[in-house]
1. Please identify the pairs in which a residue from segment 91-108 that is under 13 Å from I34 (Cβ atoms) has its Cβ atom under 7 Å from the Cβ atom of a residue that is of a type in the set (S, T, N, Q) and part of a loop (DSSP other than H, G, I, E, B), counting only partners at least 6 apart or on another chain.
2. Out of all the residues in segment 73-107, which are aromatic (F, W, Y) and either touching a Ser or Thr at 6+ places or on another chain (Cβ under 6 Å) or assigned to a helix (DSSP H, G or I) (or both)?
3. Is there a residue being farther than 21 Å from D30 by Cβ, in contact with a Pro (Cβ under 9 Å, 6 or more places away or on another chain), surrounded by 12 or more Cβ atoms within 10 Å (Cβ to Cβ) and not basic (K, R) anywhere in segment 126-144?
4. Take G83 and tell me if it is closer than 14 Å to F122 by Cβ and over 17 Å from the mean Cα position of the chain (by Cα).
5. Inspect segment 19-34 for any residue being of a type in the set (F, W, Y) and either assigned to a helix (DSSP H, G or I) or modelled with pLDDT of 95 or more (or both) and give the result as yes or no.
6. Among the listed residues G99, G70, G94, G49, identify the single one that is on the phi > 0 side of the Ramachandran plot and at pLDDT 95 or above.
7. Looking at segment 44-63, can you tell me whether even one residue there is surrounded by fewer than 18 Cβ atoms within 10 Å (Cβ to Cβ), part of a helix (DSSP H, G or I), in contact (Cβ under 8 Å) with a residue 12 or more places away in the chain and of a type in the set (G, A, S)?
8. Taking the residues in segment 64-82 that are among the charged types (D, E, K, R) and surrounded by 13 or more Cβ atoms within 10 Å (Cβ to Cβ) as candidates, determine which candidate is farthest from I51 (Cα to Cα).
Amino acid sequence: MIRIWMALFFGIVPGAKAQNFKIMEHNNQDASAIANALEEDYFKGIYEGDIDKLKHILHPGALLFGDIKGEPYAKNLEAYLTGVKYRVSPKDSGKPFKGTITAIEVINSIAMAKVQVKMYDFHYDEFLSFHKINNQWFIVNKMMTDISN
């Protein structure tokens, strides 16, 4: 009994074969395309309040979830873009804005980016899910949390 427990604990099962794991290589070209889209469309779109730039990177079916100052946040793309359109943009407010990419992971036609956005009195950590459709990367889901507290 002890031998079986030790074998399971240490991951050694008598007679078991090693599993084949496929290691995915990161596609630097795709990671660069995502980074460029984040800089040119996502961050600039948020900063300038430019919904056309945001529509270029956000998939029409994108959903946005998270919390702002501890309050739940959930919007579809139309509601999000309406909010951006009618607010005073960070650029026009004169307040500091900074978008930073902290990580990008690409596997085949999907990717995840972790970014930080500082705007107004907020500091967001965001996870952005991407899907490559017709050779273009789109954000299909945005999850964010306000860490400024």
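The values are calculated or read from the model by the stated rules, or taken from the named source; none is laboratory data. Here the structure is a predicted model, which means the values were calculated and not measured. Every residue, glycine among them, receives a Cβ derived from its backbone with ideal geometry; neighbour counts consider all protein chains shown.
1. Every condition considered, the pairs that remain are V106/N27.
2. Y80, Y86
3. Checked against the condition, which is being farther than 21 Å from D30 by Cβ, in contact with a Pro (Cβ under 9 Å, 6 or more places away or on another chain), surrounded by 12 or more Cβ atoms within 10 Å (Cβ to Cβ) and not basic (K, R), segment 126-144 yields no hits at all.
4. yes
5. Among the residues of segment 19-34, not one is of a type in the set (F, W, Y) and either assigned to a helix (DSSP H, G or I) or modelled with pLDDT of 95 or more (or both), which makes the answer no.
6. The match here is G49.
7. No, segment 44-63 contains no residue that is surrounded by fewer than 18 Cβ atoms within 10 Å (Cβ to Cβ), part of a helix (DSSP H, G or I), in contact (Cβ under 8 Å) with a residue 12 or more places away in the chain and of a type in the set (G, A, S).
8. Per the stated criteria, the residue is D67.
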